[in-house]
Amino acid sequence: MAETTRCGFAALVGAPNAGKSTLLNRMTGAKLSIVSPKAQTTRFRVLGILMREKTQILLVDTPGIFRPRRKLDRAMVAAAWTGSDDADITLLLIDAKSGLTEAVEEIMDRLAKAGRKVWLVLNKTDLVHREALLPLTAAVTEKLSVEHVFMVSARSGSGVDDLLDKLAENLPEGPYLYPEDDLTDLPDRLLAAELVREQIFMQTHEEVPYGATVETESYKERPDGSVRIDATIYVSRAGHKAILIGERGQKIRQIGERARKQLSALLERECHLFLNVKERSGWDEERARLRAIGLDDVP
């Protein structure tokens, strides 16, 4: 008799900088989502696929939920809520150090009204005293019904195995939706653009990362098994372009080299990455630009 398999979606939802991308990467054991000390780095839904015993866990990393201003912001928030609405289990991730901020309270209110199946995951618990965690848990559960509570550190991995084991037990029975060795449903060309964008976050400061987007213009397999990738970085101001290129092109070369190394490791093949920087004011209000980075159009 065939063994029972399970498969389902678990969405990571929370305020910006709660550690969702770090947790996704920790749980899958692969670099799938941008990790940066800066908030709002994830812009669209990222799916991480992992096997746990006979369960295929489909982890959805969503953008941090905040009050949107630009069309880009509205599309990011819409992607976050869609990820939660479509999931079997919503993992509400809260930064234990920051506690119940206004942003977290707004998310809890919406989850309560939606009646979703919610598990509470307190992250960064290694940065706070244990005695502070119980009052925080009580404050959350007073306002929102949660099935389970987990205390983890996405950075160190503490508590993450317990969370994965519980997910494997509780996701619905059913066939696997993806091949067992798949890591993500992100197309390689979108993954390439995201790794370049991560390096922009890591190597530039202030408003530059938020004023930039990356699109893969060309992704070509070469006869020797390697791949050539041409990507364009769009920035909203001329000053940003100058910062990204750097003196004698040093900054853009550094960004490209680090992104290329990560991409080669992830794709397990040699990558040739070529970057171009263009100024395009108002790109974050353009439908074509938003669709190119994997976001659905919003009004």
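Data for the structure
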{"read-out": "Sequence-distant residues sharing a close amide H with SER158 (under 5 Å, placed H)", "value": "SER153"}
{"read-out": "Probe 1.4 Å, all protein chains present, accessible-area order of PHE201, PHE274, largest first", "value": "PHE274, PHE201"}
{"read-out": "Amide hydrogen neighbours beyond the local backbone of ALA15, cut-off 5 Å, H modeled", "value": "ILE65"}
{"read-out": "Using θ = phi - 60° and Karplus 6.51 cos²θ - 1.76 cosθ + 1.60, couplings along segment 126-138 (whole Hz; Gly, Pro as x)", "value": "6, 9, 10, 6, 4, 5, 7, 6, 5, x, 5, 4, 5"}
{"read-out": "Placed amide H near SER236: partners under 5 Å, 5+ positions off or other chain", "value": "ARG280"}
{"read-out": "Ordering of 49-55, 8-14, 188-194 by packing [mean C-beta count within 10 Å, highest first]", "value": "8-14, 188-194, 49-55"}
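The values are calculated or read from the model by the stated rules, or taken from the named source; none is laboratory data. Because the structure is a prediction, the values reported are computed rather than measured. Don't worry about glycine lacking a Cβ; one is built from the backbone with ideal geometry, like all the others, and counts go over all protein chains shown. For accessibility, only protein heavy atoms count, side chains too; no ligands or nucleic acids. Shrake-Rupley method; radii C 1.70, N 1.55, O 1.52, S 1.80 Å.
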